[in-house]
């Protein structure tokens, strides 16, 4: 059912009304042709793949959606031809999108740019991110006090840490070592978001956005918080990783507004805390924080202690639980 818009009339009164589907006015910016025997520049291909994915299947959109990877091979070429045939009415599709020509213009009718407010909202939510991290730190310190046998300490903190990181199976010394590692990681996360500088403000901060990636909500680099070359500058992503994203600084957390637009503010905070675990954890080796399970998925709470310590969702779920009293929202 279409959403009801709140419409202000000429008399200044508001009423609800079903509005017609808007025609996107934002142009699809490409610098050269994409498709069969075309220039196929990386970013141009990604733009067209993203635009094709926004076309309804009945209007010539691809099924299943294309991977937005910047590579113009069989599936992307077939999707262009299908759109030309179904969406443009071409009898003889040529599989090519030329700037400002018919196929390009017809795609523009369906193209909706990424929500420009997601990244500013993410910066606005950094204080709430810090509150989640502070809550996690209190729980970890409480667990440490319990292990050390301190008096008048609630066992709830220890139980919560054990639920996600399975420390009960460890010896006392190993428990303390694991809790110290958790505390160190959360402290780095707090340092990352808890100060006020150009690094924590929109436009210049460590949170950046990738407007053209439509298949993931966010990404970052293991240990990016401390990654520096001998020159003092951060390495670029293509120096160390083979990937299909733009070449960006490794000391960034990258948000993808198109995938985050439909989520709640709690989900946005959860995503940021999750990425901060990758970002502020160890940079390389078997201690790097990766993704060995996800909140709400089978096996998440039965990970081994070793894998749980290396799983970003364990850090974000504990922080959300400590702050909210329940596990954080999945959307």
If you take the residues of region 321-330 that are assigned to a helix (DSSP H, G or I) and out of contact with any helix residue (DSSP H, G or I) (no Cβ under 6 Å at 6 or more places or on another chain), which of them is nearest to residue 274 (Cα to Cα)? 321
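Tell me the residue from 234, 202 that is part of a loop (DSSP other than H, G, I, E, B), in contact (Cβ under 8 Å) with a residue 24 or more places away in the chain and either assigned by TED's automatic domain parsing to the domain that holds residue 249 or touching a strand residue (DSSP E or B) at 6+ places or on another chain (Cβ under 9 Å) (or both), please.
On the way: 234 fails: in contact (Cβ under 8 Å) with a residue 24 or more places away in the chain.
None of the other options fit; the residue is 202.
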Restricting to region 124-140, name every residue that is buried (at least 16 other Cβ atoms within 10 Å of the Cβ) and farther than 30 Å from residue 167 by Cα. 125
Turns out the helices (runs of 4 or more DSSP H) fully within region 237-311 with at least 1 residues that are closer than 25 Å to residue 323 by Cβ and under 16 Å from the mean Cα position of the chain (by Cα) are 257-260, 265-280
Test residue 63 against the stated conditions and say whether it is at pLDDT below 95, outside the structural domain of residue 247 (by TED's automatic domain parsing), farther than 17 Å from residue 259 by Cβ and touching a helix residue (DSSP H, G or I) at 6+ places or on another chain (Cβ under 8 Å). yes
Scope region 261-289; condition modelled with pLDDT under 90 and in contact with a helix residue (DSSP H, G or I) (Cβ under 7 Å, 6 or more places away or on another chain); matching residues: 261, 283
Restricting attention to region 150-170, the residues that are out of contact with any helix residue (DSSP H, G or I) (no Cβ under 8 Å at 6 or more places or on another chain) and at pLDDT 95 or above number exactly 1
Return the pair list, or none, for Cβ contacts closer than 8 Å from residues in region 102-123 that are touching a residue at least 40 places away in the same chain (Cβ under 8 Å) to residues that are assigned to a helix (DSSP H, G or I) and loosely packed, with under 15 Cβ neighbours inside 10 Å, at least 6 apart or on different chains. 110/59; 121/265
Return only the number of the condition from (1) touching a helix residue (DSSP H, G or I) at 6+ places or on another chain (Cβ under 8 Å); (2) modelled with pLDDT under 90 that residue 96 does not satisfy. (2)
With (1) more than 26 Å from residue 267 (Cβ to Cβ); (2) surrounded by 17 or more Cβ atoms within 10 Å (Cβ to Cβ) as the list, and residue 161 as the residue in question, which single condition is left unmet? (1)
Outside the structural domain of residue 257 (by TED's automatic domain parsing), in contact with a helix residue (DSSP H, G or I) (Cβ under 8 Å, 6 or more places away or on another chain), buried (at least 17 other Cβ atoms within 10 Å of the Cβ) and under 29 Å from residue 263 (Cβ atoms), is that true of residue 70? yes
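The values are calculated or read from the model by the stated rules, or taken from the named source; none is laboratory data. None of the values given here were measured: they were computed from a predicted structure. Cβ sites come from the backbone with ideal geometry, for glycine too, and all protein chains shown count toward neighbours.
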